[in-house]
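The values are calculated or read from the model by the stated rules, or taken from the named source; none is laboratory data. A quick note: this is a predicted structure, and the numbers were derived from the prediction, not measured. Ideal geometry is used to build each Cβ from the backbone, glycine not excepted, and the neighbour counts take in all protein chains shown. When the accessible area is computed, the model is the full protein with side chains, heavy atoms only, and any ligands, DNA or RNA have been set aside. Shrake-Rupley method; radii C 1.70, N 1.55, O 1.52, S 1.80 Å.
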Amino acid sequence: MINVRNLQFSYPKSSKEAIKDLSFSIAKGEVFGFLGPSGAGKTTTQRLIIGLLRGYGGSIEIMGKERSKWDYNFYEKIGVAFDFPNLYKKLTARENLKLIGSYYRSAPKDIEGLLVRVGLEWERNKKVEDYSKGMKMRLNFIRAIMHDPDILFLMSLHLDWIQ
Ligand SMILES: Nc1ncnc2c1ncn2[C@@H]1O[C@H](COP(=O)(O)OP(=O)(O)OP(=O)(O)O)[C@@H](O)[C@H]1O
Ligand SMILES: [Mg+2]
């Protein structure tokens, strides 16, 4: 599913390489986690695979195609769940899933069923701003899997970096 070979990357303003000669492969069905010291390049590697960063050296082959050759169809195939809820707080759970689902070509078939699966069926018409953290995280998880992705990324969100 993912085949990384001799990956290299430097952030534009940095003289130091953030990633230097990294290689690994992840097979279908495999659960793969990055462990390593702070600053080792775990987040940078995931940003490159997802496409939040471009301009790498070496190769990132995903589902048989080089990352740099994938177009927006890539986002139909992957799901990303951050460790911080990433939702529209003025909308209800149902409204969030309907809106986010409309971003995808393969729209989710059964929003109600997904809400039941995570135990949010009683809260589906409540605004997300009135949800607890755990309720938001459950909805956030559905957000990441609702379009039936082939690869699911669970990663930490750096708020300062996104802004
Ligand atoms: N936005 C950025 N701009 C410039 N350099 C960065 C940026 N983000 C990370 N780096 C540098 O890239 C290298 C790898 O950082 P990265 O965030 O990928 O590490 P990490 O393994 O995720 O660390 P942690 O466990 O602390 O989250 C570090 O040397 C870091 O200083
Ligand atoms: Mg990190």
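Short-range pairs are left out: with C-alpha atoms under 8 Å and at least six residues apart, the relative contact order of the chain is 24 percent. Using θ = phi - 60° in the Karplus curve 6.51 cos²θ - 1.76 cosθ + 1.60, the 3J(HN,Hα) couplings for segment 112-117 round to 4, x, 5, 5, 5, 4 Hz; x is entered for Gly and Pro. Projected onto its three principal axes, the C-alpha set of segment 80-145 covers 30, 23, 20 Å, listed from the longest axis down.
With both residues required to sit in the chain, DSSP beta bridges show an antiparallel share near 70%. Estimate the FRET efficiency between Asn6 and Arg105 by the formula 1/(1 + (r/R0)^6), using the beta-carbon distance for r and 45 Å for R0, to the nearest 0.05. Once rounded, the FRET efficiency stands at 0.85. Using C-alpha pairs below 8 Å separated by at least 6 residues, the relative contact order for segment 80-145 is 52 percent.
Annotation: amide H-H contacts under 5 Å for Ile2 (H modelled 1.01 Å from N, sequence separation of 5 or more, or interchain): Ile26, Met63.
Overall dimensions of segment 1-141, expressed as equivalent-ellipsoid semi-axes from the Cα gyration tensor (√(5λ), whole Å, largest first), are 34, 17, 14. Each residue of segment 64-76 is assigned a 3J(HN,Hα), and the resulting list reads x, 9, 4, 3, 5, 9, 6, 9, 4, 4, 3, 6, 6 Hz, derived from the Karplus form 6.51 cos²θ - 1.76 cosθ + 1.60 (θ = phi - 60°), x at Gly and Pro.
Working note: Karplus 6.51/-1.76/1.60 with θ = phi - 60° gives segment 35-49 the couplings 10, x, x, 4, x, 6, x, 5, 5, 4, 4, 5, 4, 5, 5 Hz, where Gly and Pro are set to x. The residues of the chain have, on average, 61 Å² of accessible surface per residue, using a 1.4 Å probe with all protein chains present. For the chain, the 222 nm mean residue ellipticity estimated from helices alone, with every DSSP H stretch of n ≥ 4 adding -39500 (n - 2.57) and the total spread over all residues, rounds to -7500 deg cm²/dmol.
Once you reduce segment 56-122 and segment 23-48 to the center of their Cα atoms, the two points are 20 Å from each other. Of the accessible area of segment 63-163, computed with a 1.4 Å probe over protein heavy atoms only, carbon and sulfur atoms account for 52 percent.
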